[in-house]
1. When the helices in chain A are scored as -39500 (n - 2.57) per DSSP H run of 4 or longer and the sum is shared across all residues, what 222 nm value do you end up with, to the nearest 500 deg cm²/dmol?
2. Measure nothing but the geometry: give the 0 to 90° angle between the long axis through the Cα atoms of A:149-163 and the longest principal axis through the Cα atoms of chain A, rounded to 10°.
3. Quick one: if the Förster radius is 41 Å, what FRET efficiency do residue A:125 and residue B:158 give, using the C-beta to C-beta distance and rounding to 0.05?
4. Take the alpha carbon atoms of segment B:346-417, find their center, do the same for segment A:271-305, and report the distance between the two centers in whole angstrom.
5. Residue B:409 to residue A:238: FRET efficiency via 1/(1 + (r/R0)^6), r the Cβ-Cβ distance, R0 51 Å, to the nearest 0.05?
6. Assuming R0 = 25 Å, can you tell me the calculated FRET efficiency for the pair residue B:253 and residue B:320, based on Cβ-Cβ distance, to the nearest 0.05?
7. For segment A:167-272, divide the Cα radius of gyration by the Kirkwood radius and give the resulting Rg/Rh value with two decimals.
8. How far apart, in nm, are two points set 7 Å out from the Cα along the Cα-to-Cβ line at residue B:433 and at residue B:218?
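All of the numbers you see were taken from the coordinates with simple rules; none came from a lab. Model, not experiment: these values are computed from the prediction. Cβ sites come from the backbone with ideal geometry, for glycine too, and all protein chains shown count toward neighbours.
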């Protein structure tokens, strides 16, 4: 019996030592639901935070599988950064099962970055699921618009400062440095997109409306006739006809979606299917927020030229 | 002397108002200076706010097409009200406060909780002798199509500290026009407890094993595995009571430890139904993320209670589940699972009978809308002698996330017909075609691994 007790105590002690030990280093442990928010929170938090993400950029962010490993990350978290507007609604299940009072809805460590974002595509009339997987609160893919980064990062600063008020000045300083860099990049991106301003593109799933609006591009059609529902052959035929008629050069597709189908349609219509960085880490080279936006700008500017 | 005093008093009376006037004037001057300073500060604040407003107004709205990055909003100072979330002092906590009143904060037309309706219809076709013996999977409803579970779910947060879940079910229990409506679940979960704990009380599907907690319409098969039906009845283990969980944060893998105390109303396994000799449950479940695409969950459960005739009954369970979901896939490619229950029940002569049952299952989903799999069941019976085994291949078609159709063939063999021989029929060998149609209307929470 004594041996068994000793063994158990040794295992517990060993795991305590081997386990993540950010608390000892004085870092805030933050979990982001999606990789874009991980990147932005790392930028704002700098050395003061340790950030993990519940999903990878290559995943469909609407339908992440709720794994117990997510709950373990959330159990240890001082704060959780969520996109909101229904994109990461699945995270609620993981957060509630993590037994962490700091991050439950209403907790001080719950950071919703959709606050104060001017949301696009908010349904103006009654919606139901005959329209597909519509988001009743509006399109939730606003993090793809770098122009909204000031609002998003402001929400992150406010949230982190709620948990660690004494570090607010550092968070704000990091944010200002990031925004200054982003502004420089924005000038470059705007110049790159200027020659193709007004160009029409087709999307697979309505992910890009904020990005396209920001850079003056027009979404002419979507391969999905209703969001989240695989397209019918009739609808695809209509899209191909329209693409040919309007000489549309690009189909924007998410890495997790049916890229083969997008390629087939593009081939039929004489266009190119572009796999976009729909989140940080979605494609090679899109390792942080600025790199992901840069990837999208470069790919689009080249394809639409 | 008197004169001197009179002179002093007269001088004081004459000079005092003058001194007082001088002091008043000085005070007013100071007040005026303060007001001027305050005005200057207000002026500066107004100018700062005006500049901020101009900056904000000059930002392109997300709906416009100007490709210029908006200026960042001015950072808020540490004295900003947003820093009000700092921990309250003991005095703050002790001070009388208004009761929490969400109702007063509610906007027009906003619901404070979610509502969902789930419909689950099943049908089965089998041999005449099986129908006669009521020995099919849906006992007493052989060769019928019927609503098994139409469920109204209401759920959401009660306040910042707790959530409630209520599920009301209607379904056909016996052939005929009547449909029974029952309270399937009603629970309060306390979310804000310290040290990684959480408590739940009310009527609930117990977390015994992996599949018991899952509602019929969410199971990956048409019917609940035979081992559950044999040891816990057709509905599985649903009890009234209290359970608490603890998730330690110092382990390198996810571990959940659960303990519960319930009435023990389940007639198949327990049935005494009194807290004087309650049903006590426990569960430990661990999850190992093998890679980004593979996960393994291992659990063990125990339930100890008393039967209606006050004999001890103990169930021990194990469960293992493995899932492989290739990177970027919207669904798993391969799911494997197994669960088993070992029952120890005190007999009429005081001896303890040990009985065992288990199932193994595999499912492949190569396309988003199609999945196929098979389940193998083998179980003894908790009270009577004998055993049965079954094999059930099935095919699932999922047109959308909210609609599902499933067809299965189930072949069951029993070691003898005792207990499955009502009305002179025989349920020794059973062949069934099973059908299922399920819809989800409204809100439906995501499922765990």
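1. Value at 222 nm, helices only, nearest 500: -13500 deg cm²/dmol.
2. 10 degrees
3. Numbers: r = 32 Å, r/R0 = 0.77.
My answer for the efficiency is 0.85.
4. Each part reduced to its Cα centre gives a spacing of 48 Å.
5. Computed FRET efficiency for residue B:409 and residue A:238: 0.80.
6. Once the sixth-power term is evaluated, E becomes 0.95.
7. In segment A:167-272, Rg relative to Rh is 1.13.
8. Calculated label separation equals 3.1 nm.
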